[in-house]
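The following block contains the structure, expressed as structure tokens.
The values are calculated or read from the model by the stated rules, or taken from the named source; none is laboratory data. Bear in mind that the values here come from a model prediction, so they are computed numbers and not experimental data. Here the Cβ positions follow ideal geometry from the backbone for every residue, glycine too, while neighbour counts run over all protein chains shown. Side chains included, ligands, DNA and RNA excluded: accessible areas come from the protein's heavy atoms. Shrake-Rupley method; radii C 1.70, N 1.55, O 1.52, S 1.80 Å.
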Amino acid sequence: EAARRGLIRDGIDIEGERPMSIRANRLVALELARCDASTATAVIVQAGLAMQSINSLGSEEQKKKYLGPMARMEIRGAFALTEPDHGSDSVALETTAKRDGDDWVINGEKKWIGHGSVGHIAVVWARKDDGEVGGFIVDQDAPGYHAKTIEGKASLRGIPQAHITLNDVRVPDDRRLPGARTFRDTAAVLGGTRLGVAWSALGMAIDCYEKALK
């Protein structure tokens, strides 16, 4: 329903869709969280993280291929940065991407990845041969990509999160995000999403206040 109404956007211009300002997008995050925090989080993962990674750092071909279908929820995406032992600390990032001809071979683990076991693609962040952090669009049904949904969550139970293992996952170079050269590029995507999270927190607070008042 949110996709049908054009709300899966994060302010990204989508061909054929009406423009949405950043302010309008933040108000959408507030109202979604006011209704259901899991739904708001799912939209932030899809639009604010996965889609914005491609929109901000991807090639024109990648944008044309993915952004429209993702806005319509025909393709569900994940943002795979966090690792089991040290969260999203880029200094300690252990997942690796080694160049092998025209492909990259990715090995490592990711944890607490929204949509990582129930989506179609994951934007995986890994340390390249040069020591810098790069982003890669990985199909979730690719050989070597194994994801298990984490059970027993205490909150945000409406959005499945995954523990992902990547064993020699081969990704063509045209799936590498060309604009992702250092972790600074990754951090720029995270920075924009944190604003959406703040608006979501405000929406939850308003709902708590209204229920308490009632």
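Only one of these conditions is not met by GLN161: (1) at pLDDT 95 or above; (2) among the polar types (S, T, N, Q); (3) closer than 20 Å to TYR66 by Cβ. Which number is it?
In the conditions (1) at pLDDT 95 or above; (2) among the polar types (S, T, N, Q); (3) closer than 20 Å to TYR66 by Cβ, GLN161 misses (3) alone.
Let me ask something else. Go through region 1-19 and report how many residues are open to solvent by less than 30 Å² (accessible area, probe 1.4 Å), free of Cβ contacts under 8 Å to residues at least 24 places away in the same chain and in contact with an Asp or Glu (Cβ under 9 Å, 6 or more places away or on another chain).
Adding up the residues that qualify gives 0.
Scan (1) among the small types (Gly, Ala, Ser); (2) open to solvent by 10 Å² or more (accessible area, probe 1.4 Å); (3) more than 17 Å from the chain's Cα centre (by Cα); (4) within 30 Å of GLU132 (Cβ to Cβ) for the single condition ALA97 breaks and write down its number.
With (1) among the small types (Gly, Ala, Ser); (2) open to solvent by 10 Å² or more (accessible area, probe 1.4 Å); (3) more than 17 Å from the chain's Cα centre (by Cα); (4) within 30 Å of GLU132 (Cβ to Cβ) applied to ALA97, the lone miss is (2).
Separate question: Among the residues of region 162-169, is any among the aliphatic types (A, V, I, L, M), assigned to a helix (DSSP H, G or I), out of contact with any Leu (no Cβ under 6 Å at 6 or more places or on another chain) and open to solvent by less than 40 Å² (accessible area, probe 1.4 Å)?
The answer is no; no qualifying residue exists.
Then there's this: Being within 23 Å of TRP199 (Cα to Cα), of a type outside the set (D, E, K, R) and surrounded by 21 or more Cβ atoms within 10 Å (Cβ to Cβ) is the requirement here; does MET51 meet it?
yes
Working only within region 80-94, note down all residues that are within 16 Å of the chain's Cα centre (by Cα) and without any contact (Cβ under 8 Å) to a residue 40 or more places away in the chain.
Scanning region 80-94 gives THR82, GLU83, GLY87.
Being under 28 Å from GLU74 (Cα atoms), basic (Lys, Arg), open to solvent by less than 50 Å² (accessible area, probe 1.4 Å) and without any contact (Cβ under 8 Å) to a residue 60 or more places away in the chain is true for just one of LYS148, LYS153. Which residue is that?
LYS153
Here is a further query. Given (1) part of a strand (DSSP E or B); (2) at positive phi, identify the lone condition not met by PHE79.
Condition not satisfied by PHE79: (2).
Here's something else I'd like to know. Name, by its number, the condition in (1) under 23 Å from ARG184 (Cβ atoms); (2) among the polar types (S, T, N, Q); (3) assigned to a loop (DSSP other than H, G, I, E, B) that does not hold for SER117.
Result: SER117 passes all but (1).
Here is a further query. Please specify each residue of region 185-214 satisfying the condition of being open to solvent by 50 Å² or more (accessible area, probe 1.4 Å), at pLDDT 90 or above and of a type outside the set (A, V, I, L, M).
TRP199, CYS208, TYR209, GLU210, LYS211, LYS214 - these are the residues of region 185-214 that are open to solvent by 50 Å² or more (accessible area, probe 1.4 Å), at pLDDT 90 or above and of a type outside the set (A, V, I, L, M).
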